[in-house]
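*Asks:* This is the structure I want to talk about, given as structure tokens.
The values are calculated or read from the model by the stated rules, or taken from the named source; none is laboratory data. Keep in mind that what you see is a predicted model, and the values were worked out from it rather than measured. Cβ: placed from backbone, ideal geometry, glycine included. Neighbour counts: every protein chain shown.
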């Protein structure tokens, strides 16, 4: 009851934990949207100082408990296997009424790990902006990274409504379109829309004989672009969302088997039917 | 001996058979490179007239034998299962010294089908520009489509050297980087660099539940972009290059199985090693 009135709107102090492409973009976008003060938390003091010099951050620290102390909202922009531990470490240092969220590509494991383990007056709501790049680092941060992009926010029935409102409002003010899903529905959907494409792009790049590199054109490069992502970061995502990724994988394998059977049988009508199915779905998406 | 002196350099009259994205771009690029007269041959008189009105063509006809009559060079820009028949139909109407080429995505089937079946003084050399788009139609034609793009030219040992020179020079003048490969080496390479990515993009798009379309971002769209290609055109490509595509397919399946085993065993180090292999290869390509 009293929790809600304690939430601050708008956010006056924002802490960003992990100042890379996403964290840096959260900071830049928030500063463009309002007069927020941004505190950056990271491991690399020189990189933080560099980001502060560029105006991405107002303050910077390598000490998590210090960085979150004054924050109304803390956004964790670190790998999915690190977020929950950092949330639990940070929470006792947070002010009463603080709202915590993240940008991780998987949600159920994180939400489960922190639920019922936060001190009174501190709430966590999972987020996942469908924005990013195979590029890494704050030097690629952009104030418009979230503009018109979908951000999935993943409350459970037990999630504090004031905290949910705060997080939804925050992303909306950054220009995003917010979609709410429960954490498990998020993970099943993203296994198909993001994690499976990454795995396929990586496998396809992995079987290219290097001596054929000069015979690739935009088609190969588009299809394999995701393979340039950070293996450590994606290893954590696949681990956290293993069951849903395996289920998505098996759907793809079945579709590939249909293609192979049609090709092996020299059944051109069947090949074209399968190509038509893919085209119908692809044509409904934007470029 | 005498053949060579009969070849015209530069090409004064160019015939383009099939005036779509590629044919229209060949016409525009050739006109920009030199004072060539371009005759367009197609099935749709209204579309040809429209292309002529736009300045893409100087003359247009729906009659193949008429369109190629004065041409020094004829470029067939039609589906791969149509090219050889058109080359054989057109050749008796061609002038002595005429050079014929194509832009098809497979080469051995076409080269085999026409070799030793052309009248004296008419020569065919296969070409494949690694340029194009999932867009179709002459309204997307661009004079710079081949600029800095690779064009693979596929002579055999028996190919007329004058005709080969003519074709290599033509693409070079259009701004392309010419790579020579024998037709079978071309087909094996393209199975991995182009045909397999198309098939994978199509399968990946094909397993997306339509209700999740709003949860896709640039990653999914990049990885599936090729799936928007014309099923009929690609059905012909897969049919013509079936054996090499099946071999490429099996390489991918083996790599995907490595990923699945590593995921199922919860072996994160193995997953990251596989992701690292893909990243190493992808990082060597341009964006």
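*Asks:* Residue A:213 passes all but one of (1) at the interface with chain B (Cβ under 7 Å from one of its Cβ atoms); (2) closer than 26 Å to residue A:247 by Cα; which number fails?
*Replies:* Unmet condition: (2).
*Asks:* Determine which member of the set A:116, A:139 is out of contact with any strand residue (DSSP E or B) (no Cβ under 8 Å at 6 or more places or on another chain), at pLDDT below 95, surrounded by fewer than 19 Cβ atoms within 10 Å (Cβ to Cβ) and in a loop (DSSP other than H, G, I, E, B).
*Replies:* The match here is A:116.
*Asks:* Can you tell which of B:75, B:83, B:38, B:87 is crowded, with 24+ Cβ neighbours inside 10 Å, within 22 Å of residue B:121 (Cα to Cα) and in contact (Cβ under 8 Å) with a residue 40 or more places away in the chain?
*Replies:* When all the criteria are applied, what remains is B:75.
*Asks:* Identify all residues within the range B:169-195 that are surrounded by 19 or more Cβ atoms within 10 Å (Cβ to Cβ), free of Cβ contacts under 8 Å to residues at least 60 places away in the same chain and farther than 19 Å from residue A:209 by Cα; write none if there are none.
*Replies:* B:171, B:176
*Asks:* Yes or no: the range A:216-233 includes at least one residue that is surrounded by fewer than 16 Cβ atoms within 10 Å (Cβ to Cβ), free of Cβ contacts under 8 Å to residues at least 12 places away in the same chain and either more than 7 Å from chain B (Cβ to nearest Cβ) or over 22 Å from residue A:187 (Cα atoms) (or both).
*Replies:* no
*Asks:* Another one. Looking at the range B:277-287 only, could you name the residues that are in a helix (DSSP H, G or I) and crowded, with 17+ Cβ neighbours inside 10 Å?
*Replies:* B:277, B:278, B:279, B:281, B:282
*Asks:* Check whether at least one residue in the range B:153-176 is at the interface with another protein chain (Cβ under 9 Å from one of its Cβ atoms) and under 30 Å from residue B:31 (Cα atoms), and report yes or no.
*Replies:* No, the conditions are met nowhere in the range B:153-176.
*Asks:* While we're looking at this one, here's another question. Can we say residue B:270 is more than 28 Å from residue B:148 (Cα to Cα), more than 7 Å from chain A (Cβ to nearest Cβ) and part of a helix (DSSP H, G or I)?
*Replies:* yes
*Asks:* Further question on the same structure: Quick check on my filter: what residues within the range B:234-265 are more than 7 Å from chain A (Cβ to nearest Cβ) and more than 25 Å from residue B:186 (Cα to Cα)?
*Replies:* Selection gives B:257, B:258, B:261, B:262, B:265.
*Asks:* A further question on this structure: So which of A:258, A:177 is touching a strand residue (DSSP E or B) at 6+ places or on another chain (Cβ under 6 Å) and over 21 Å from residue A:81 (Cβ atoms)?
*Replies:* Criteria check complete, one pass: A:177.
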